[in-house]
Ligand SMILES: [Zn+2]
C-alpha cells in the first residue's frame, strides 16, 4: 500500500486530481493554505476521490522538528512543511510513503530520512541529488530511493537521469 501525502504545492501546482493510486492524505494547514477558486476546485475533486485530512499531534511535530534540525535546514521550513513531514514520518511504519511536494527543502529532508518524494513540475529540482528517476511516460520526477522503478502515477518505466547540482 502506498500512502501519498500532498503538500500545498501539490494542490496548487497542477497535479491532476485522482491521478494517484493509493491512499492520499494531507494536513489541516495545507487545507487552510488553499484559497484561490481554481485550487479549491482541485481540492474538492481530490476529496471526491478519497483524500483524507489527518491531524498531527504535538508529539509528532516535536519528532519532525528534531529530525529536521538534524539536517540543518529547519529554518527553511514553514509550519505547514513541518506538519507534512510529521505526517510522513508517522505513516512510515504503516505504508510506503511518498511525499508529493515541489519544495526543495522538504525533498532534501525526505532524501536524508529515507522518505520517497515526488515532484509535480518537471523543473525545479536541481540541488536535491545529482541523480533522480524520471518517468518515460509522464515526465514526473522521483527520488532515487523509489523502490519499484515504475511510475506510481502512470505505470511507465522510470529511467535514471543525471541532473545538475547547481542551476
Ligand atoms: Zn509517469
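Computed from the coordinates by the stated procedures, all read-outs in this text should not be read as laboratory data. These numbers were taken from a predicted model, which means no experiment stands behind them. Neighbour counts run over all protein chains shown; Cβ positions are idealised from the backbone, glycine included.
The table that follows gives values for the structure above.
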item: Residue exposure sequence - 42, 150 - by fewest surrounding Cβ within 10 Å; result: 150, 42
item: Approximate spin-label separation residue 121-residue 160, in nm, with each point projected 7 Å along Cα-to-Cβ; result: 2.8 nm
item: For 40, 27, 105, order by how many other beta-carbon atoms lie within 10 Å, fewest first; result: 40, 105, 27
item: Residue 28 paired with residue 54, simple spin-label distance in nm, labels 7 Å along Cα-to-beta-carbon; result: 1.6 nm
item: Pairwise label distance in nanometres, residue 1 with residue 93, each label 7 Å out on the Cα-Cβ vector; result: 1.5 nm
item: Cα gyration tensor shape of the chain, rounded if a/c is under 1.5, else prolate or oblate by comparing a/b with b/c; result: rounded
item: Over the chain: helical MRE at 222 nm, DSSP H runs n ≥ 4 each giving -39500 (n - 2.57), nearest 500; result: -10500 deg cm²/dmol
item: Computed over the stretch 2-120: relative contact order in percent, which uses C-alpha pairs under 8 Å that are six or more apart; result: 34 percent
item: FRET efficiency, residue 76 to residue 145 (Cβ-Cβ, R0 30 Å, nearest 0.05); result: 0.90
item: Tensor-based shape of the stretch 1-44 (alpha-carbon gyration tensor, a/c under 1.5 rounded, otherwise prolate or oblate); result: oblate
item: Per-residue Cβ neighbour rank within 10 angstrom, fewest leading, 47, 4, 75; result: 75, 47, 4
